[in-house]
Amino acid sequence: MSLKVLLDARKHPARDMAIRSMTCVEQKDREGWLAMWDEQGVIQDPVGVSPLDPAGEGHRGIALITAFYDNVIAKSDLRFQIRQTFACGDECANVGTITARLDGGIVSRTELVMVYRVNGAGKLASLRAFWEFEDTASGIY
């Protein structure tokens with residue numbers, strides 16, 4: 001895990017949530033990750049229509065967020081490399097790479113921007129990830 005850029009940056013509620021989210025994902029802490037979410041939260045990963053979200057509407061509500069964890073996150077060993085972070089308002093945008101190791105020795109790397117938004121209750125209200133599915137799929141080795 002390389003979250004040094006995040007850890008060295010100024011404290012900010014959305015940045016703190018991003019650190020917590022990435023740490024839970026890398027440690028496969030399903031319950032910890034799900035506990036961060038607002039009941040009406042939304043994940044768009046990637047934003048728009050993709051094989052992970054055929055309707056392009058995002059995974060809204062805790063039931064669909066749980067299904068996203070179980071069907072996407074839990075199926076691989078994910079590692080984050082964050083190069084830049086920008087926090088303002090109730091959001092934080094992070095630029096980096098996610099490396100995924102899947103069953104059968106398949107590895108993929110995704111270049112992306114992840115935007116985390118927290119609500120007034122300190123819960124994760126949304127996670128929007130901007131990346132191109134086709135680029136990641138074509139780079140699997």
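The values are calculated or read from the model by the stated rules, or taken from the named source; none is laboratory data. This structure is a prediction, so every number in the text was calculated from the model and none was measured. As a convention, Cβ positions derive from the backbone with ideal geometry for all residues, glycine included, and neighbour counts pool all protein chains shown.
Figures for the structure shown
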{"quantity": "Region 116-141, residues that are part of a strand (DSSP E or B) and in contact with an Asp or Glu (Cβ under 6 Å, 6 or more places away or on another chain)", "calculated": "117, 118, 125, 129"}
{"quantity": "Residues of region 75-115 satisfying the condition of being small (Gly, Ala, Ser), at pLDDT 95 or above and farther than 19 Å from residue 135 by Cα", "calculated": "87, 89, 93"}
{"quantity": "Residue in region 102-121 that is within 17 Å of residue 33 (Cβ to Cβ), within 12 Å of the chain's Cα centre (by Cα) and not aliphatic (A, V, I, L, M) present", "calculated": "yes"}
{"quantity": "Qualifying positions in region 85-98 - under 12 Å from the mean Cα position of the chain (by Cα) and either of a type in the set (Asp, Glu) or surrounded by fewer than 18 Cβ atoms within 10 Å (Cβ to Cβ) (or both)", "calculated": "95, 97"}
{"quantity": "Residue tally, condition in contact with an Asp or Glu (Cβ under 6 Å, 6 or more places away or on another chain) and either among the small types (Gly, Ala, Ser) or on the phi > 0 side of the Ramachandran plot (or both), over region 85-109", "calculated": "0"}
{"quantity": "Residue within region 77-99 that is closer than 21 Å to residue 29 by Cα, out of contact with any Cys (no Cβ under 7 Å at 6 or more places or on another chain) and among the small types (Gly, Ala, Ser) present", "calculated": "no"}
{"quantity": "Per-region count, region 12-28, residues over 11 Å from the mean Cα position of the chain (by Cα), of a type in the set (D, E, K, R) and farther than 15 Å from residue 96 by Cβ", "calculated": "2"}
